[in-house]
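Derivation of every value follows stated rules applied to the coordinates shown; laboratory data play no part. Being a predicted model, the structure only gives us computed values, none of them experimental. No Cβ is skipped: glycine too gets one built from the backbone with ideal geometry, and neighbour counts run over all protein chains shown.
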């Protein structure tokens, strides 16, 4: 029952999150609040996404569930080290974006809400197209102690991220056209295949 509740909560969050990110929702909201009101959209969207995800984390911690697996020492230390490296790389990838625009502060201070900004292909974005997703997923899956509830969350989040990356790339192709198409041809989506030896 716990697994079903967590998956249902994650699915509801994912649907609401996706609708709020859609052009349809933004156009409808723009018609209601006007262009000045849309300056707060990105910041509000990020805040709502974080706050509305908190109940899912609560369910994972509070609902009854059995341990799924526990990685023993010394492998445990390697996984924790991998999580630390993933967190650092996640932060580095975040800093390589337009941080103020990503958060929504640039828009609040007057930048155009519809401006797609600059296509980032440097640094970790040369290795994979979505390093934030890659290192976020690595951080999750390198957890050495996993319950049935957290495993359910990790699987659900992984599916959502992969599906979300697909739809995000459709938007990026609209925003950046051939420049993104060329970047997409040269750079893997989530797994750094070139670093793993594939050509």
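One table, with the values for the structure above:
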{"item": "Cα centroid separation, the range 55-103 to the range 124-199 (Å)", "result": "15"}
{"item": "Rounded to whole Å, sorted largest first: equivalent-ellipsoid semi-axes of the range 5-157, Cα gyration tensor", "result": "33, 22, 11"}
{"item": "Over the chain: helical MRE at 222 nm, DSSP H runs n ≥ 4 each giving -39500 (n - 2.57), nearest 500", "result": "-22500 deg cm²/dmol"}
{"item": "FRET efficiency for residue 102 and residue 145, using Cβ-Cβ distance with R0 set to 22 Å, rounded to 0.05", "result": "0.10"}
{"item": "Label-to-label distance, nm, for residues given as residue 120 and residue 24 (7 Å Cα→Cβ offset)", "result": "2.9"}
{"item": "Descending semi-axes in whole angstrom, ellipsoid equivalent of the range 47-109, from the Cα gyration tensor", "result": "32, 22, 5"}
{"item": "Estimated distance in nm for a label pair at residue 109 and residue 159, the labels positioned 7 Å out from Cα along Cα-to-Cβ", "result": "4.1"}
{"item": "Estimated distance in nm for a label pair at residue 171 and residue 4, the labels positioned 7 Å out from Cα along Cα-to-Cβ", "result": "3.3"}
{"item": "log10 of Debye I(q)/I(0), alpha-carbon scatterers only, for the range 71-199 at 0.23 Å⁻¹", "result": "-1.45"}
{"item": "23, 130 arranged by Cβ crowding within 10 Å, fewest neighbours leading", "result": "23, 130"}
{"item": "Prolate/oblate/rounded call for the range 149-199, Cα gyration tensor, a/c under 1.5 rounded", "result": "oblate"}
{"item": "Exposure proxy order (Cβ contacts within 10 Å, fewest to most) of 121, 134", "result": "121, 134"}
{"item": "The range 1-46: C-alpha gyration tensor shape, a/c 1.5 cut-off, then a/b vs b/c", "result": "prolate"}
{"item": "Choice from 110, 164, 156 with maximal GNM fluctuation in the chain (Cα, 10 Å cutoff)", "result": "110"}
